[in-house]
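Worksheet for the structure shown next.
Values in this text are rule-based calculations from the coordinates and carry no lab data. Computed from a prediction, not measured in an experiment: that's the story for all the values here. We place every Cβ from the backbone using ideal geometry, glycine too, and count neighbours over all the protein chains shown.
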Amino acid sequence: MDLTYKICKLSDLDRLVQISRQTFCDAFEKDNNPDDFKDYVDLAFSETEIRKELLDKDAQFYFVYWNDSLVAYFKLCEFASQSEDYGDRAIELSRIYVLKDFQGHAMGSHMLQKIIAIAKSKRKMLLWLGVWQKNPKAVRFYERHGFEIFDSHSFYIGKDRQTDWLMRLDLV
């Protein structure tokens, strides 16, 4: 599969907000309280919030293209930008989303190979992520790629406290 990757810049803000909102809503809206969900999306994927994240020197967003079409994106966080402190030799895969129309083409696997290559190029020893425990399909996907559950943390959609499994892949 011939995917291309582009590091997002501030000039990509509008497209990044749009794909972030769309993919998150497609993935999780049906499983959450509508009011809590709307409030969360309006805050977490606002222009103001995404702009702040884009300007964070320790976080990078990547657009993923297939045949010149934007089909996915992911976000990597290092150092203090990680949502949990696993040290300077760790990198967090904070977000990875494929547009609904392009799912089922093994893009996630190809993207994960690219993410691992980026992490290794940054001399990281640990790639980790959080995945909702009520998303067994995603958990199995990561397990097939060598990730293991090692902890959990809380994630809030409005007032709804949810649990994310923390999964890790050792890179050495």
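Does the range 156-168 contain any residue that is farther than 28 Å from N33 by Cα and under 15 Å from the mean Cα position of the chain (by Cα)? Within the range 156-168, one or more residues are farther than 28 Å from N33 by Cα and under 15 Å from the mean Cα position of the chain (by Cα). Scanning the range 45-69 for residues that are assigned to a helix (DSSP H, G or I) and either in contact with a helix residue (DSSP H, G or I) (Cβ under 7 Å, 6 or more places away or on another chain) or in contact (Cβ under 8 Å) with a residue 12 or more places away in the chain (or both) yields E47, E49, I50, R51, E53, L54, L55. Scanning the range 4-13 for residues that are exposed (fewer than 13 other Cβ atoms within 10 Å of the Cβ) and either under 24 Å from A117 (Cα atoms) or in contact (Cβ under 8 Å) with a residue 12 or more places away in the chain (or both) yields T4, I7, K9, L10. If I ask for residues that are of a type in the set (G, A, S) and either more than 11 Å from G130 (Cβ to Cβ) or outside any strand (DSSP E or B) (or both), which ones from the range 140-172 would you list? Those that are of a type in the set (G, A, S) and either more than 11 Å from G130 (Cβ to Cβ) or outside any strand (DSSP E or B) (or both): G146, G158.
Every residue, every condition in (1) among the aliphatic types (A, V, I, L, M); (2) surrounded by 14 or more Cβ atoms within 10 Å (Cβ to Cβ); (3) assigned to a loop (DSSP other than H, G, I, E, B), yes or no:
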residue: V71; (1), (2), (3): yes, yes, no
residue: G87; (1), (2), (3): no, no, yes
residue: I91; (1), (2), (3): yes, yes, no
residue: S94; (1), (2), (3): no, yes, no
residue: D101; (1), (2), (3): no, no, no
residue: M111; (1), (2), (3): yes, yes, no
residue: A119; (1), (2), (3): yes, yes, no
residue: K124; (1), (2), (3): no, yes, yes
residue: G130; (1), (2), (3): no, yes, no
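From the list D26, D39, D35, the one residue that fits, being assigned to a helix (DSSP H, G or I), touching a residue at least 12 places away in the same chain (Cβ under 8 Å) and surrounded by 15 or more Cβ atoms within 10 Å (Cβ to Cβ), is D26. Of the residues making up the range 73-96, those that are touching a residue at least 60 places away in the same chain (Cβ under 8 Å) and in contact with a strand residue (DSSP E or B) (Cβ under 6 Å, 6 or more places away or on another chain) are Y73, R95.
Which of the residues that make up the range 109-124 are in contact with a strand residue (DSSP E or B) (Cβ under 7 Å, 6 or more places away or on another chain) and more than 15 Å from L76 (Cβ to Cβ)? If the condition is that a residue be in contact with a strand residue (DSSP E or B) (Cβ under 7 Å, 6 or more places away or on another chain) and more than 15 Å from L76 (Cβ to Cβ), then H110 is the only one that fits.
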